[in-house]
Amino acid sequence: MKFINIGFGSLLSAERMVAVVSPDSAPVKRLVQESRERGMLIDATYGRKTASIFIMDSDHVVLSALPVEKLAGRLGTEIGEKEEE
């Protein structure tokens, strides 16, 4: 199982990740609020501003203080990279 560091010593299973999104849009903010109400939110920001949000295959939502761009590097991909067809 491959883990990635999402900041401040927190690790997340890369294989269980569905998406990594920016927290700026209203639909993502609603998703976070709904997850909080259902008890499925994991806050790994350690009190800092949320910079990225992980959506997991278990329906958990994980908040991280590291930006999406930095986490993409840890996942071994680049933002805007196209897959070969």
For a label point 7 Å along the Cα-to-beta-carbon line of residue 38, residues of the range 1-27 with backbone N under 17 Å
17-21, 27
With a bin width of 5 angstrom, please list the P(r) values of the range 19-66 as percents of all Cα-Cα pairs, from the 0 bin to the one holding the largest distance.
6, 24, 35, 28, 7
Taking Cα atoms of the chain, Rg/Rh with Kirkwood Rh, to two decimals?
0.96
Contact order normalised by length for the chain, with contacts defined as Cα pairs under 8 Å and 6 or more residues apart; what percent is it?
29 percent
How do 56-69, 36-49 rank on mean C-beta neighbours within 10 Å, highest first?
56-69, 36-49
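Only the coordinates and a few stated rules stand behind these numbers; no lab work does. The structure presented is a predicted model; accordingly, all values stated were derived computationally and were not measured. Using ideal geometry, Cβ is built from the backbone for each residue, glycine included, and neighbour counts are taken over all protein chains shown.
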